[in-house]
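Please read the structure below before turning to the comments.
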Amino acid sequence: KRSASGGRCPGPGGFPRTGPAPAVTVVVSLRPRADLGLGTERPPGAGSGVAGGARDQRGATASLEEWDTVEEIQSGLGGPSAAAAPPISFNEALQYFQTADLSECRRKVRAAAGRRGLAALLRFLFGPPRLQTQLQGEWELALAMAQCGLDNNEWVHMRILQTIYKKLTCSRLGCPRYGAHWEELGFQGSDPGTDLRGTGMLALMQMLFFVMDSQTLPLAREIFRLSQHETQNFPFCIMSVNITHIVLQALREERLSRECNRRRQVIAVLNDLYAAAFLQLYRVWKQQHKTIADSGFLLKELELSTKKKPRQLLKSLEAYVSRCPAADGLQLPSSSSGSEEINFTGVCDLRVELEGESQRS
């Protein structure tokens, strides 16, 4: 069976094979192994003699090959063998990116980060505090991951994708690399990779953090459940990509430098702010009975809150994971300011933002 990838069939665990799919037609028997004469007693005189024994052996071999074919087809469709792809923790995935060759992605980050002339002087005099020198490498890594696209040939990328699917759906089985099941998770189509432009693997890394952290996993599943609501539904993964875009822009504009310097971390602050922003959106969406028609306005309000009051959002998350009633008191600001606006990935009209989003000002 040929997949939507244009000629490749999924291999075990729903991952693409390394070579083109052979054009083979398979006739599959649905009889149990016992009915194929494997491991069962034969009537007296049946298949007796040397010729009969040879026929029995050939028949058993053919039956085993037939069942191997059935199992291979099942694994390609996300069947029993798909669960063989082990989940990946956020730390393991992060270690992969720390050692991977991201030189081209880093080059793009450095080219976009250059600031000269009057703009650099004004930023130095009146802008937010600058990130400490020892945190610059981690800052660059976060932005480099956002420049890195989903790669079918990278096993870690595929494990991240499968882990997100299993954790959100509570499934023990994996799934094919392409298919309508990704739309059910809240991507726009059958290929999640097409929705990551502008946020790249950082978007998937933040989803992975959300579902693999024991403190935020219940929240992730609550939000996913709300996204399936009859009237309040929204595309969960597209919304997540939008929130990654918001916190990424705040990082680029150095709005998070004070918090990063205080904690001496960058990626951990970015992940916590992502979860805090998703929590705030969830509360407003659920309590005020918002629908997809309200998404654009809510995302703009969330952008302002993330840039202006990141510490307040983070405290709200801390209160939530501590089961503190005070977490319910946070409200989004009602007015906007002259800060740089973000062109969001479409949630209402489901249009994907192209590469080359706004650079660090």
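The values are calculated or read from the model by the stated rules, or taken from the named source; none is laboratory data. A quick note: this is a predicted structure, and the numbers were derived from the prediction, not measured. Glycine gets a Cβ as well: all are built from the backbone with ideal geometry, and neighbour counts include every protein chain shown. Just the protein is used for accessible areas: all its heavy atoms, side chains included, with ligands, DNA and RNA removed. Shrake-Rupley method; radii C 1.70, N 1.55, O 1.52, S 1.80 Å.
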Discussion item. I'd like to check something: does the range 270-292 contain any residue that is at pLDDT 95 or above, acidic (D, E), under 24 Å from the mean Cα position of the chain (by Cα) and open to solvent by 20 Å² or more (accessible area, probe 1.4 Å)?
Written reply: yes
Discussion item. Step by step: first the residues of the range 197-221, then only those that are in contact (Cβ under 8 Å) with a residue 24 or more places away in the chain and open to solvent by 10 Å² or more (accessible area, probe 1.4 Å), then the one that is farthest from the chain's Cα centre (by Cα). Which residue is that?
Written reply: Q215
Discussion item. Exactly one condition in (1) closer than 18 Å to E138 by Cβ; (2) among the polar types (S, T, N, Q); (3) open to solvent by less than 20 Å² (accessible area, probe 1.4 Å) is false for N261; which is it?
Written reply: (3)
Discussion item. Under 9 Å between Cβ atoms, which residue pairs at least 6 apart in sequence (or on different chains) link something in the range 283-300 that is closer than 11 Å to N242 by Cα and of a type in the set (G, A, S) with a partner that is at pLDDT 95 or above and not in a helix (DSSP H, G or I)?
Written reply: S295/F234
Discussion item. In contact with an Asp or Glu (Cβ under 8 Å, 6 or more places away or on another chain), buried (at least 24 other Cβ atoms within 10 Å of the Cβ) and not in a loop (DSSP other than H, G, I, E, B): which single residue out of V241, V247 fits that description?
Written reply: V241
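Table: residues versus (1) over 20 Å from M207 (Cβ atoms); (2) among the aliphatic types (A, V, I, L, M); (3) assigned to a loop (DSSP other than H, G, I, E, B).
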position: R258; (1), (2), (3): yes, no, no
position: R262; (1), (2), (3): yes, no, no
position: Q265; (1), (2), (3): no, no, yes
position: A268; (1), (2), (3): no, yes, no
position: N271; (1), (2), (3): no, no, no
position: A277; (1), (2), (3): no, yes, no
position: L281; (1), (2), (3): no, yes, no
position: D294; (1), (2), (3): yes, no, no
position: F297; (1), (2), (3): yes, no, no
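Against the definition (closer than 19 Å to I243 by Cβ and small (G, A, S)), how does G179 come out, yes or no?
Numbers: closer than 19 Å to I243 by Cβ: no; small (G, A, S): yes.
In short, no.
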Discussion item. Suppose we keep only residues that are under 24 Å from the mean Cα position of the chain (by Cα) and either basic (K, R) or under 14 Å from D272 (Cβ atoms) (or both) within the range 300-315. Which one would you say is surrounded by the fewest Cβ atoms within 10 Å (Cβ to Cβ)?
Written reply: K300
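So which helices (runs of 4 or more DSSP H) are wholly in the range 98-172 and hold at least 1 residues that are at pLDDT 95 or above and not acidic (D, E)?
Values: elements: 103-113, 117-126, 136-147, 155-169.
Filter on the range 98-172 gives 136-147, 155-169.
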Item to complete: With the condition kept exactly as written, say whether any residue in the range 213-223 is assigned to a helix (DSSP H, G or I) and in contact with a Ser or Thr (Cβ under 7 Å, 6 or more places away or on another chain).
Response: no
